[in-house]
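Notes follow the structure.
The values are calculated or read from the model by the stated rules, or taken from the named source; none is laboratory data. Keep in mind the model is a prediction, meaning the values are calculated, not measured. For neighbour counting, all protein chains shown are included, and Cβ atoms are generated from backbone atoms with ideal geometry for every residue, glycine included.
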Amino acid sequence: MVKVLKSLAELKIGQSAIIDSFTDKEMALKLLEMGCTPGEVVKLDRIAPLGDPIAISVAGYLLSLRKAEASTVLVSPI
Amino acid sequence: MEPNKSFVNFSERTSLKVALVGNPNSGKSTLFNALTGLNQKTGNFPGVTVDKKSGFSKLNNTLTAEFIDLPGSYSLYPKSLDERVAFEVLCNSDNADHPDITIIVADASNLKRNLFLVSQIIDLKIPVILVLNMMDMVEKEGDVIDTIRLSEKLGVKVVGVSARNKEGVDALKQALLQPLPVPQYDFIEIKKIAPEAIEKVKSVLKVKSDFIAFQVINNLSDISFLHDKEMQIKISDALNTCIIDTNKLQSLESVERYKVINRIVEDCITHQSAIKTKSFTQKLDSILTHRIFGYAIFIVVLFFIFQTIFFLAAFPMEWIEHLFISISELASNILPKGELSNLLVNGIIAGLSGVVVFVPQIALLFAFIAILEDTGYMARVSFIMDKLMRRFGLNGRSVIPLISGVACAVPAIMSARTISSWKERIITILVTPLMSCSARLPVYTLIISLVVPPHKTLGFFNYQGLILMALYLIGFISAITVAWILKWILKAREKSYFIMELPVYRTPQWRTVGYTIFDKVKLFLFDAGKIIVAISIILWFLSAHAPGNKFEQIEKKYQLKRTRNDFDLQQVDAKIAAEKLEASYAGMIGKSIEPVIKPLGFDWKIGISLVTSFAAREVFVGTMATIYSAGNTDNTQTIREKMKAEIDPETGQPKFSVAVGFSLMIFYAFAMQCMSTLAVVYRETKNWKWPFIQFLFMGALAYISSFIVYQLLK
């Protein structure tokens, strides 16, 4: 099966996905140390009332990040 | 991993240095407080402007340990100043704060991510103890952590505690006295990532571990403590032939670390039942970050905090003022009349009073902030406000400082410390004093009562009230506008991130609240206090001294009147005070700036008040009272009468016209006339550049606006 990649910012609330790769090297470092490693399952938990930032469940905790930051993370939805 | 062979033992020593490191929200500060109690001090790490908290605790009859609280960090990449400090202290054995033992505090209920930092510190090959904090939470969630197995896998001692309940703290203290294994084996084979480069660095620079060599490769210029200039050239020469992509190397490192961590976590944690606390957090989040309730609740919370600081703090502030008045009365009665007692009473005691009076507001604001942080609500406030604030170059965390600025800029600026991005924090600090603080209120009330008729419009809107509200609005609008402008001017030191943990909700801890209050009040009293007292003394000198024998001449002039009975003595004294102030250095400054402030509609009398207002804005009222020889300064009625009766010699009209009144209010709305704020801005930025810039831009804003207002209304 061909993997369909999306950015993390495009997930719907409640949707889970597996982290595939990053498009911004610097951002990747920041996210990697926070536990967003390739292969890790993430779930979009909620979106802030004004549409940005978003909150995701990853590595057993809740992480908030801006949409611009989330858009550098490529994921494959499950 | 195999068991360790090397051990250290410090039980025979009399002193021991212990550093605490850990992720933000890992409960590191709570543990630090539990270990040291109130036996703490705040200082600086040598050479850098990062606050260093340290404290002492007796481990047994002979051994006293010094605990150093290193800045919270998610990793050991020396990117930010805080992280660099932590890295240097841990790696450089010549550093004055280099610990004998490092305690790594990890949130056990969030083990996976916390182990990342742990794994990096293990690779430094220094003696460590891993503290698994919040073990009570793990239990509540129905998980079991096999600490013995974890200790075996990591090759370090593991101690489980719940710092909040002080459980396990004594066991931790005992663990410091026992032989400790020193990590022997690399957590990950860092050499595999950059074999050639690591070898080359090690061939010229002596380092304890491959990981340190790896850090040197990636941050050659940032890690200056490991090498001098000469060595740096040697290293870069050695690395000349290697192709180094630091981002890639560090990404590889992170991925490798998490691979090992995932295996360990799987091995050591067993989930026994369904998660409870996290679903509670989810439920609460759906209300507190709701698009309507979220903001409504936030406004209620803000309203409550603001009201409390504004009104509740007024009582203790009044007591403090009365206390200092009694002290100065007592002092002037006991002490012989003279220059020295004058300095003590009007310079030093008055200055101290001006410092201590802020304590109730600082204590209350930080009590609330500690509660909001401790419960986890503060992170949600940032979450729902970030987008709005970001447009103005601010951050979700700027909301609290800005709103608190309405009560007082001093605690508000201190609260900006939770903003992690340097640029957003500086902008917040720079614009907060534009918010209309409570010290402006007496000035506004006095002038409004002078120039605005107490009529009502539309039946119930009071003109005076409307003007007051407009002044508060002007403060707010100017703050966000200036923030927006600064957003374009200031260069960011680092990219602005909003990658932030949303911690689970917990009940606040009163002990933490107490420590926060104690800490902040102490910080303010000792750091900003010094500067405030110094400036108070200067201001006292300026207004209580005159060149030559001018004061004696004034005394002499009234000597005759004093002896005659048909003069009201109080009236004479008030006149003497007024003339003395006019003759004083402050009066001379007021007169010399008159040409400059004339286009704003101000005369030298207002000029003097502008100078003395620098002590605190509300001093304006007192100075006006002295100048207009109103006698009793508590009686605003008389000041108002006198000011109202003042005629402008040039126009023949009342001096305090609508134009002058509004010009003056606008001036007070914008000008940076508060030495306490400037002192705190210096304290928080550790650089005089920022209070200086703030003073200039607010002054320019005040001058230009007042000029426009006066010229338009004239």
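What the table shows:
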read-out	value
Which listed residue is buried (at least 24 other Cβ atoms within 10 Å of the Cβ) and at pLDDT below 85, from B:S404, B:S438	B:S404
All positions within the range A:27-53 that are over 12 Å from the mean Cα position of the chain (by Cα), closer than 15 Å to B:E253 by Cβ and not aliphatic (A, V, I, L, M)	A:K30, A:E33
Qualifying residue in the range B:216-223 (condition: in contact with a Lys or Arg (Cβ under 6 Å, 6 or more places away or on another chain), outside any helix (DSSP H, G or I) and touching a residue at least 12 places away in the same chain (Cβ under 8 Å))	no
Lone qualifier among B:Y472, B:Y444 - being more than 24 Å from the chain's Cα centre (by Cα) and among the aromatic types (F, W, Y)	B:Y444
Out of A:M27, A:M34, sole residue that is in contact (Cβ under 8 Å) with a residue 24 or more places away in the chain, more than 21 Å from B:T281 (Cβ to Cβ) and facing another protein chain (nearest Cβ under 9 Å)	A:M27
From the options B:M389, B:M385, residue that is closer than 23 Å to B:T281 by Cα, touching a Lys or Arg at 6+ places or on another chain (Cβ under 9 Å) and crowded, with 18+ Cβ neighbours inside 10 Å	B:M385
Positions within the range A:52-78 being outside any strand (DSSP E or B) and more than 7 Å from chain B (Cβ to nearest Cβ), in sequence order	A:K67, A:A68, A:A70, A:S71, A:T72, A:I78
Subset of the range B:221-238 (residues that are surrounded by 17 or more Cβ atoms within 10 Å (Cβ to Cβ) and either out of contact with any Leu (no Cβ under 8 Å at 6 or more places or on another chain) or within 14 Å of chain A (Cβ to nearest Cβ) (or both))	B:I223, B:A238
Enumeration of residues in the range B:486-513 that are surrounded by 15 or more Cβ atoms within 10 Å (Cβ to Cβ) and without any contact (Cβ under 8 Å) to a residue 60 or more places away in the chain	B:I499
Residue match in the range B:611-625 (condition: among the charged types (D, E, K, R) and modelled with pLDDT of 70 or more)	yes
Per-region count, the range B:491-508, residues more than 10 Å from chain A (Cβ to nearest Cβ) and at pLDDT 85 or above	4
Candidates B:I485, B:I467, B:I480, filtered to the one that is at pLDDT 90 or above, more than 14 Å from chain A (Cβ to nearest Cβ) and over 22 Å from the mean Cα position of the chain (by Cα)	B:I485
Selected residue (criterion: nearest to the other protein chains (Cβ to nearest Cβ)) from residues of the range A:11-24 that are closer than 27 Å to B:T246 by Cβ and polar (S, T, N, Q)	A:S21
Unmet criterion (only one of (1) in a strand (DSSP E or B); (2) surrounded by fewer than 16 Cβ atoms within 10 Å (Cβ to Cβ); (3) within 10 Å of another protein chain (Cβ to nearest Cβ)) for A:G39	(1)
Condition met for B:S382 (away from every other protein chain (no Cβ under 11 Å) and polar (S, T, N, Q))	no
Failed condition for B:Q282, given (1) farther than 20 Å from B:K112 by Cα; (2) in a helix (DSSP H, G or I); (3) out of contact with any Asp or Glu (no Cβ under 8 Å at 6 or more places or on another chain); (4) within 14 Å of chain A (Cβ to nearest Cβ)	(3)
Unique residue being in contact with a Leu (Cβ under 6 Å, 6 or more places away or on another chain), of a type in the set (S, T, N, Q) and at pLDDT 90 or above when the list is B:S57, B:S119	B:S57
Candidate set: the range B:160-208, residues that are assigned to a strand (DSSP E or B) and without any contact (Cβ under 8 Å) to a residue 60 or more places away in the chain; chosen: the one nearest to B:R257 (Cα to Cα)	B:G160
Top-ranked residue of the range B:87-120 - restricted to ones that are small (G, A, S) and more than 14 Å from chain A (Cβ to nearest Cβ), ranked as farthest from B:V182 (Cα to Cα)	B:A96
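Condition check ((1) part of a strand (DSSP E or B); (2) β-branched (V, I, T)) across all residues:
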{"residue": "B:A19", "(1), (2)": "yes, no"}
{"residue": "B:P24", "(1), (2)": "no, no"}
{"residue": "B:S57", "(1), (2)": "yes, no"}
{"residue": "B:T62", "(1), (2)": "no, yes"}
{"residue": "B:S73", "(1), (2)": "no, no"}
{"residue": "B:L90", "(1), (2)": "no, no"}
{"residue": "B:S93", "(1), (2)": "no, no"}
{"residue": "B:P99", "(1), (2)": "no, no"}
